[in-house]
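The values are calculated or read from the model by the stated rules, or taken from the named source; none is laboratory data. Source: prediction; values computed, not measured. Here the Cβ positions follow ideal geometry from the backbone for every residue, glycine too, while neighbour counts run over all protein chains shown. Protein only, heavy atoms only, side chains kept; ligands, DNA and RNA dropped before computing areas. Shrake-Rupley method; radii C 1.70, N 1.55, O 1.52, S 1.80 Å.
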Amino acid sequence: MRVNERRYIRSDKMGQRSSGDLSAIENILIKRYTPLMFATVIGLVVMFLASLYLSSVSETQAANNRMAAMQQTLQLSQEVGRFVNENRRVLRELRSELYRNQPITSLQFRDSAETIAQKWSYLDLVTWAPAGKINNVYPLGLNKQLMSETLAPSILSDLKDSSKNLLMVLEGREGKVTKLTFHSGLFSGDAEEPDNGVLSLVSDFWHYFKSRALNEKKQRLPFSISLQETDLTLFEFGEQTLLVPENVYSAPIAVANTQWVIKTLIKPSDLQIHGFFWLIAGVLSIVLSLLSYRVICIYKQRSVDVQAGAYRANFDLLTGLPNRYHFSRRLSETIEKAKQDQADFAVLFMDIDNFKKMNDQLGQGAGDALLTTFSSRLEFAAKSTDLVARISGDEFVFVAREVDDVIKADLLAEKLKKLLQQPIEFAGQQHFVTVSMGVAMYPIDGDNVPALLHHSDQAMYAAKRAGRNRHFFFNETMREQAESYLIIHQDLLRGLEAGEFELYYQPLLNIKSQKIDICEALIRWNHPQKGLVMPDKFITVAEQTGAIREIGNWAFSQACRDIRNFSDSDINIKIAINHSISEYYSNRAFERWKGILRENSVTGDRFIFEIPEALLMDKKSVRMNVVTAMRKMGVQFAIDDFGTGHSAINYLRNYPADILKIDSSLIQGMQTNAKDRTLVEVVLILAKSLGKIVVAEGVEDDEVAAHLKELDCDYLQGNWLLEPKSINLLIPFLHQHMFEQE
Ligand code: C2E
Ligand code: CA
Ligand code: CA
């Protein structure tokens, strides 16, 4: 299981997507948050929403409570006003009775008071005090002792001195007023006259107010009515301790000569409801948190299951490699891509030799160990663009995207064979395994998955039949080509080792000075069986197999030695060396050439490197870097075979090359082909204007040589002057030429 998990992660890294791809939301839920985190967030969100809701509820509640307090205060003050007005009306009525019946008899007084008392049921007492002395009392009964009492002089003077024809006195006990006495002055003419007097009545405010303001229909908030700036209360209702200033709506009311104040409780928001609410919110948030925790856990488990399922469906559990199903999908993707890019690639089908036998003899454990070692070796050899899969028991497939020709495929197969042949250790013993391979090339051997698999499989069987431990190409001619290339490749390496190579030289004539100051080195192979082999028979193969680097190094070393040989014969020339693009592989090429110069104590300015134009057109900075570095060492660069291929005349200015070698095909075409002639003329004019040195290659006769001289060409090279010769034959020629010049 461990291995599989690791494999899965790794395969993701390789960009192999599983079929159970998660949706974006699932990704966020499952990858970014742990269940615990998610549950906490849910809980917090619920609590936050609850507090938002509660604060808005309690705000409206507070506003409503304040409004209720205001309304009640208004009603109460209206009620108080009604009480005072009623008493005022009663007084007024009695007064007019008294006026009418001056001086009034006791009987008359009693009748009038009785009539009034029937209408105003809260009337407790009426007195009439002409000249300040009580003369009549209603009801008499217990109030008899009031007769002949004198009113307080302050009452008289207060009534007289002002417009206050209604005076109110509070009556009560222990700070509580229950009854109110209203006095009204009745004065005509002189105040001392006996018919002047004070009419007074006592009304039961407390009962009035209780019945009016506190009937069952009305739900009352606690309130108090008291005299302003004293603690004398007139009426209280409800829990008075609640009436603290911050919770109270208070309004002043003027009652006759006094100022009262009504205080009503503004109900505070209901703490009990809040508590209950928080309890509910808390429980809800816990429940939701637990629920979401559970859901995410289930989800997570499910997604792990899905991934594991997807993994099993796509990958081989033992090796972690894509299985046949997944491989087919990816191979068809590779085919699509190759179709777009018009690229070729190779499919290598592999089968371990005698696997069954080993499995039977050593046991399944050994077989598994063998397979895992085998697969990890393949993975090790694979580039990021390659595709490796185990498609059944001991069969593996290797798709090499960058291997676009047979020679490369051949070399890759060789490389894999070597890698896989290394001993595998199991149970303290070393085992040797070999592998048979079949190679099919896209698109020649098949342009679809079944064809490529079938054909590479067929080739593998052919390899088995031919004795195992080898690779076969599906295509017979390819096989031959690859074989011959491989043979040449191995023969080249052998020949280099055996010293079968030689540099021939062809001189270049400097037209202006008529001297020979440059010779081009051209490689030759003195093959023991084939005799003298020309470069066109092996350079292309060497370029494809990579042997060109060995050849190049040998050629450069030899040229260095030959520089010294020329010097020894008093010949001072530069040597032009031919290079292929693949020799400019990395900075190591520069280091190597620098080393060769140093080893031979020769300076760079003795050399010209002839390179194909394509090398300079290529934007790969590595190659340019090598060119620049060599130029700094004094080496001159010449563009070889100019005028063939995609010569980019407009880029000429930017090329870091001093010399231009016009291709021999153009030079030889000058005599017969007007187009070639014009082209040579144009190139010459342009190159000269850019300060480049121009060499004409392949000059075969006097006529062409004369024409080129006319066109102001700098150098002439070709059989017209001399065919390429070995150094031994060249030195006498150069001596002869020098002699003739002098
Ligand atoms: P190249 O660089 O264009 O070399 C000139 C070729 O033209 C030489 O062929 C030379 O023998 C031939 N030649 C010279 N004068 C005449 C003439 O008047 N008429 C005709 N028809 N041919 C003439 P060679 O020596 O067979 O070389 C062929 C190619 O092999 C060279 O073409 C060069 O690209 C490559 N080559 C030679 N030596 C080396 C080497 O050391 N390294 C690399 N990378 N390539 C090399
Ligand atoms: Ca050349
Ligand atoms: Ca050439």
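Pairing residues of the range 498-509 that are closer than 17 Å to Ile539 by Cβ and polar (S, T, N, Q) with residues that are in a strand (DSSP E or B) and near ligand 1 (Cβ under 10 Å from one of its atoms), at Cβ distances under 6 Å and at least 6 apart in sequence or on separate chains, gives Gln506/Glu520.
Being among the hydroxyl-bearing types (Ser, Thr, Tyr), in contact with a strand residue (DSSP E or B) (Cβ under 6 Å, 6 or more places away or on another chain) and either in contact (Cβ under 8 Å) with a residue 12 or more places away in the chain or surrounded by 15 or more Cβ atoms within 10 Å (Cβ to Cβ) (or both), is that true of even one residue in the range 476-492? Within the range 476-492, not a single residue is among the hydroxyl-bearing types (Ser, Thr, Tyr), in contact with a strand residue (DSSP E or B) (Cβ under 6 Å, 6 or more places away or on another chain) and either in contact (Cβ under 8 Å) with a residue 12 or more places away in the chain or surrounded by 15 or more Cβ atoms within 10 Å (Cβ to Cβ) (or both). Screening Leu721 against (1) surrounded by 19 or more Cβ atoms within 10 Å (Cβ to Cβ); (2) within 16 Å of ligand 2 (Cβ to nearest atom) leaves a single unmet condition, (1). Condition test on Leu652, is it touching a residue at least 24 places away in the same chain (Cβ under 8 Å), away from ligand 1 (no atom under 16 Å from the Cβ) and at negative phi? Criteria met by Leu652.
When you go through Asp386, Asp368 one by one, which is the residue that is without any contact (Cβ under 8 Å) to a residue 60 or more places away in the chain, open to solvent by 40 Å² or more (accessible area, probe 1.4 Å) and among the acidic types (Asp, Glu)?
On the way: Asp386 fails: open to solvent by 40 Å² or more (accessible area, probe 1.4 Å).
On inspection, the qualifying residue turns out to be Asp368.
Mind listing just one residue for me: the one in the range 517-557 that is among the polar types (S, T, N, Q) and open to solvent by 40 Å² or more (accessible area, probe 1.4 Å) and, of those, farthest from ligand 3 (Cβ to nearest atom)? For the range 517-557, the residue satisfying everything is Gln529.
Confirm whether Trp593 is aromatic (Phe, Trp, Tyr) and over 48 Å from the mean Cα position of the chain (by Cα). Answer is no for this residue.
Summed over the range 249-279, the residues that are closer than 21 Å to Glu59 by Cβ and in contact (Cβ under 8 Å) with a residue 40 or more places away in the chain give a count of 11. Collect the residues in the range 531-561 that are within 14 Å of Lys594 (Cα to Cα), in contact with a helix residue (DSSP H, G or I) (Cβ under 6 Å, 6 or more places away or on another chain) and near ligand 1 (Cβ under 9 Å from one of its atoms), keeping them in residue-number order. Correct list: Gly552, Trp554, Phe556. Just one of (1) within 16 Å of ligand 2 (Cβ to nearest atom); (2) without any contact (Cβ under 8 Å) to a residue 40 or more places away in the chain fails for His527. It is (1).
For Val403, the conditions (1) open to solvent by 30 Å² or more (accessible area, probe 1.4 Å); (2) part of a loop (DSSP other than H, G, I, E, B) all hold with the exception of (1). Here Asp663 passes the criteria (1) out of contact with any Gly (no Cβ under 9 Å at 6 or more places or on another chain); (2) within 15 Å of ligand 1 (Cβ to nearest atom) except the one numbered (1). Residues of the range 629-678 that are within 12 Å of ligand 3 (Cβ to nearest atom), open to solvent by 40 Å² or more (accessible area, probe 1.4 Å) and assigned to a strand (DSSP E or B): Asp641, Thr644.
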